């Protein structure tokens, strides 16, 4: 099931680039990112309420909460830079470079989470990097 969720995440991430590129025309990117965040917050609160998830909010440990907050800050910074890049770059190129986050995730997961950095994963990230360079090169 994780694969289906990941594939759906990729489809909706693609729509972020397309809708975002159309939406930021003539709009400050920080303001656009803020508006997007407000919409996401309202949507996710409604989803959590409809699924009855708020009843367990007290079970979040302080350690987990700290990392969730750090994740939120990292996500906000990612969106700010993403929208800034979309404003001046081609959506297809910006999205490709943004997806190089996979390369960083593989290394950071090995470094901080103890996930295996195998010959296969190294070859994969090399190929991803080469593919990104080929796709964005003029």
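The values are calculated or read from the model by the stated rules, or taken from the named source; none is laboratory data. Just so it is clear, the model here is predicted, and its values are computed rather than measured. Glycine gets a Cβ as well: all are built from the backbone with ideal geometry, and neighbour counts include every protein chain shown.
Test residue 22 against the stated conditions and say whether it is free of Cβ contacts under 8 Å to residues at least 12 places away in the same chain, in a helix (DSSP H, G or I) and within 22 Å of residue 104 (Cβ to Cβ).
On the way: free of Cβ contacts under 8 Å to residues at least 12 places away in the same chain: yes; in a helix (DSSP H, G or I): yes; within 22 Å of residue 104 (Cβ to Cβ): no.
When the stated conditions are applied, residue 22 does not pass them.
Please verify whether residue 81 is under 30 Å from residue 124 (Cβ atoms), surrounded by fewer than 11 Cβ atoms within 10 Å (Cβ to Cβ) and modelled with pLDDT of 95 or more, treating the condition exactly as stated. Spelling it out, it is not the case that residue 81 is under 30 Å from residue 124 (Cβ atoms), surrounded by fewer than 11 Cβ atoms within 10 Å (Cβ to Cβ) and modelled with pLDDT of 95 or more. Among the conditions (1) in a helix (DSSP H, G or I); (2) free of Cβ contacts under 8 Å to residues at least 60 places away in the same chain, residue 117 misses just one, which is (1).
What about residue 107, is it assigned to a helix (DSSP H, G or I) and surrounded by 14 or more Cβ atoms within 10 Å (Cβ to Cβ)? Yes: the conditions hold for residue 107.
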